[in-house]
Amino acid sequence: DLALVRDEYGSRVCLIGGTDSVHTLSRGSEQEVRKETLQILELFRDRTGFILASSNSVHNDVPPRNFMAMVAAYRDFAGL
């Protein structure tokens with residue numbers, strides 16, 4: 001539960017990750033990736049100590065289009 005981790009530890013650690021690389025990024029649609037990514041970014045909107053990532057790597061099961069959907073959602077959220 002990212003909200004619980006954010007609330008319990010967010011001021012003391014930097015969280016890296018967010019988008020589910022096992023299910024959403026690997027098997028979800030581009031729209032599902034975008035929706036989950038935007039929800040996570042909104043959860044951490046007013047917080048420091050969060051780095052959006054797929055995990056510690058982008059593994060072979062992640063279709064490039066899904067990874068790019070995560071990046072595009074971030075860019076849209078950040079106004080880039």
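All other residues whose Cβ lies under 12 angstrom from that of Thr48 are scored, Lys and Arg at +1 and Asp and Glu at -1, for a net of +3. Of the listed residues Asp1, Asp76, the order by accessible area with a 1.4 Å probe, largest first, is Asp1, Asp76.
Using alpha carbons only, how many degrees (0 to 90, rounded to 10) separate the axis of helix 30-43 from the longest principal axis of the chain? In the chain, helix 30-43 runs at an angle near 10 degrees to the longest axis.
Using the Cβ-Cβ distance between Arg65 and Arg45 with R0 = 35 Å, the FRET efficiency computed as 1/(1 + (r/R0)^6) comes to roughly 0.85. Only one of (1) 1.05; (2) 1.12; (3) 1.19 was calculated from the structure for Cα Rg over 2.2 N^0.38 Å, and its label is (1). Across the chain, the relative contact order, built from alpha-carbon pairs under 8 Å that are at least six residues apart, equals 41 percent.
Taking each residue as 0.36 nm, the span from Ala72 to Leu4 lengthens on full extension beyond its C-alpha to C-alpha distance by 21.9 nm. Modelled spin-label separation between Val13 and Arg27, with each label point placed 7 Å from Cα along the Cα-to-Cβ direction: 2.7 nm.
For the chain, adding -39500 (n - 2.57) for each run of n ≥ 4 DSSP H residues and dividing by the number of residues yields -15000 deg cm²/dmol at 222 nm.
The values are calculated or read from the model by the stated rules, or taken from the named source; none is laboratory data. All values derive from a computational prediction rather than experimental measurement. Positions of Cβ are generated from backbone atoms using ideal geometry, with glycine treated the same way; all protein chains shown enter the neighbour counts. Calculation scope for accessible area: heavy atoms of the full protein, side chains included, ligands and nucleic acids excluded. Shrake-Rupley method; radii C 1.70, N 1.55, O 1.52, S 1.80 Å.
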